[in-house]
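Enquirer: Handing you a structure now.
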Amino acid sequence: MQTVAILGAGELGGAIARTLATADVARHIVLVDTAGLVAAGKALDILQSGPVDGFHTRVTGTAEPAQPGAAVVVLADEHGGQEHTGDAALSLLRRALEVAPRAVIVAAGATQLGTLEHARELGVPSARLVGSASGAAQSIACALTAMELDASATDLSVAIVGTPSNWVIAWADATLRGSPLTALLSPPQTIRIDARLRARWPPGPYALASAAAAVVRAIGGGWHRRLTCFVARDGAYERRPFAALPVTLGPAGVVSVHVPQLSARERVALGE
C-alpha cells in the first residue's frame, strides 16, 4: 500500500499513525490536522522512533486533507478536540476524495456511525465505507469472556453484531479453541458478559487505534482473517443502515459479509 491519510492528529489519530507505522503497513502515512505544525511534529516524533522499533514507513504531517493517491483515508479526531463528525467530517472527506476518489474510507472513532451513513451522500459506494470501532467492541467482548473462563482471549472466536445501543454477541457461533462457548458458559454468564460489554462502550483511543490498524492492514492485503466492522448490507434497490458484522476486506473495501447464527433471544435483543 502506498499512502494512508489519517484525518486528525489528536490522541486517536496519533495512535493509529504509530500503530500502522510500526507494522510497516504503508510506504507513507500522512497525519492531517488544521493544526498543521502539531501534525508535522507528531509525525516527526513517530518517524524518529523507526530506527529503534525497526520500521521503515515514512510519516509526515500537514494541514492539507487532499492527499493524491491515498489508498485509505482514516477519519479520526482533531488535535485538542473531538472525533470528526457531522458536516465538518463530510467536508474533510470531500476534500480527500477529490484527489483520491477510489480510496476506502475507514471511520475509526466511536461516535462516527452517523457520519458513515451520511458519507454515502458523497457518492462513495457502501463497500468502500467501513467503521472500525466495532472491532474494539469485539476485543472487549473477547477480554470479558476470557476473564469469565480463565482463558486466553487469543484462543477465542467471538462475533458481535448490531450497534452500540444494542450490541449482541453471537454466542451460537462463539468458540474457545474450536469448542462451542454455549457448552462452557451458562446463560447467566452470557447475560452478564453482554451487560458488561454495553457498559464498557466507548473504548479508549488505544483499543480504537488497534481496531483501525487491523482494518487498514486487511484492506492492504496483510490480514486475511475476518474482522468485525460497521458496514451497510445494501440491497439491489434499497439502502440499509450500518451495523457491526463480521466481514472480509480487500483493496476495494468490503469483499464479503458473514452473518453469524443468532438465537431467538439474540434476534430480539437486536430488534429483528
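Enquirer: To the nearest 10 degrees, how steep is helix 11-22 against the longest Cα principal axis of the chain, on a 0 to 90 scale?
Expert: Result, in degrees: 90.
Enquirer: Oh, and also: Which net charge results for the neighbourhood of HIS84, defined as the other residues with beta-carbon distances under 14 angstrom from its beta-carbon, given Lys and Arg at +1 and Asp and Glu at -1? Spell out each step's value before the answer.
Expert: Working: positive: ARG94, ARG95; negative: GLU11, ASP33, ASP77, GLU78, GLU83, ASP87.
Its environment carries a net charge of -4.
Enquirer: Ordering ARG128, ARG217 by accessible area with a probe of 1.4 Å, largest first, what comes out?
Expert: Working: ARG128 40, ARG217 85 Å².
Sorted by accessible area, descending: ARG217, ARG128.
Enquirer: Something else: Taking +1 at the Cβ of each Lys and Arg and -1 at the Cβ of each Asp and Glu, which of LEU7, GLY135, ALA209 sits farthest along the dipole of the chain towards its positive end, judged by Cα position relative to the Cα centre?
Expert: The one lying farthest along the dipole's positive direction is GLY135.
Enquirer: Mind grabbing the accessible area of VAL32 for me, 1.4 Å probe, Å², rounded to tens?
Expert: Result for VAL32: roughly 10 Å² accessible.
Enquirer: Extension gain HIS224-LEU122, at 0.36 nm per residue separation less the Cα-Cα distance, in nm?
Expert: 33.8 nm
Enquirer: Separate question: Pick out, from GLY253, THR85, THR175, the residue whose Cα sits farthest towards the positive end of the charge dipole of the chain, with +1 on the Cβ of Lys and Arg and -1 on the Cβ of Asp and Glu.
Expert: THR175
Enquirer: Now a separate question. Find the percent of Cα-Cα distances in the stretch 40-105 that exceed 18 Å, and round it to a whole number.
Expert: For the stretch 40-105, the share of Cα pairs beyond 18 Å comes to 48 percent.
Enquirer: Right, another one. With a probe of 1.4 Å, find how much accessible area the chain has per residue, and write the answer as a whole number in Å².
Expert: 45 Å²
Enquirer: About its Cα centre, how strong a charge dipole does the stretch 24-154 have in debye, to the nearest 20, once Lys and Arg get +1 and Asp and Glu get -1 at the Cβ?
Expert: 520 debye
Enquirer: Under the 0.36 nm per residue contour assumption, what length would be gained going from the current alpha-carbon distance of ALA183 and TYR206 to full extension?
Expert: Details: separation 23, 0.36 × 23 = 8.28 nm, distance 3.25 nm.
Full-extension gain reported as 5.0 nm.
Enquirer: Enumerate by residue number the chymotrypsin sites (Phe, Trp or Tyr not before Pro) in the stretch 179-261 meeting two conditions: DSSP loop (anything except H, G, I, E, B), and at most 10 other Cβ atoms within 10 Å of the site's Cβ. Kindly include the intermediate steps, with their values, before the conclusion.
Expert: Numbers: sites: TYR206, TRP223, PHE230, TYR237, PHE242; in loops: TRP223, TYR237.
Within the stretch 179-261, the qualifying chymotrypsin sites (Phe, Trp or Tyr not before Pro) (loop, at most 10 other Cβ atoms within 10 Å) are TYR237.
Enquirer: Another question, if that's okay. Checking a compactness column here: for the chain, what do you get for Rg(Cα) / (2.2 N^0.38 Å), N being the number of residues?
Expert: Here the Cα radius of gyration is 1.00 times the empirical estimate.
Enquirer: Here's another thing I want to ask about it. Round to a whole number: what % of the accessible area of the stretch 149-268 belongs to carbon and sulfur, probe 1.4 Å?
Expert: 53 percent
Enquirer: For ASP155, ASP194, write out the residues from largest to smallest accessible area, computed with a 1.4 angstrom probe and no ligands counted.
Expert: Ranked list, largest accessible area first: ASP155, ASP194.
Enquirer: Of VAL99, VAL52, VAL74, which has the most accessible area with a 1.4 Å probe, and how do the rest follow in descending order?
Expert: Result, largest first: VAL52, VAL99, VAL74.
Enquirer: Right, something else. For the chain, give the magnitude of the charge dipole about the Cα centre (Cβ charges: +1 Lys/Arg, -1 Asp/Glu; no others), in debye to the nearest 20.
Expert: Values: 22 positive and 22 negative charges, 98 e Å.
Magnitude of the dipole: close to 480 debye.
Enquirer: Just name one of LEU185, THR34, GLY114: the one whose Cα is farthest towards the positive end of the charge dipole of the chain (beta-carbon charges, Lys/Arg +1, Asp/Glu -1).
Expert: LEU185
Enquirer: Take the alpha-carbon centre of the stretch 105-153, take the same for the stretch 4-26, and report the distance between them in whole Å.
Expert: A separation of 17 Å, based on Cα centres.
Enquirer: Considering only protein heavy atoms and a probe of 1.4 Å, how much of the accessible area of the stretch 1-111 is carbon and sulfur, as a whole percent?
Expert: Ligands and nucleic acids excluded, carbon and sulfur reach 51 percent.
Enquirer: Rounded to the nearest 20 debye, what is the charge dipole size of the stretch 162-223 about its Cα centre when +1 sits on each Lys and Arg Cβ and -1 on each Asp and Glu Cβ?
Expert: 160 debye
The values are calculated or read from the model by the stated rules, or taken from the named source; none is laboratory data. The structure presented is a predicted model; accordingly, all values stated were derived computationally and were not measured. Ideal geometry is used to build each Cβ from the backbone, glycine not excepted, and the neighbour counts take in all protein chains shown. When the accessible area is computed, the model is the full protein with side chains, heavy atoms only, and any ligands, DNA or RNA have been set aside. Shrake-Rupley method; radii C 1.70, N 1.55, O 1.52, S 1.80 Å.
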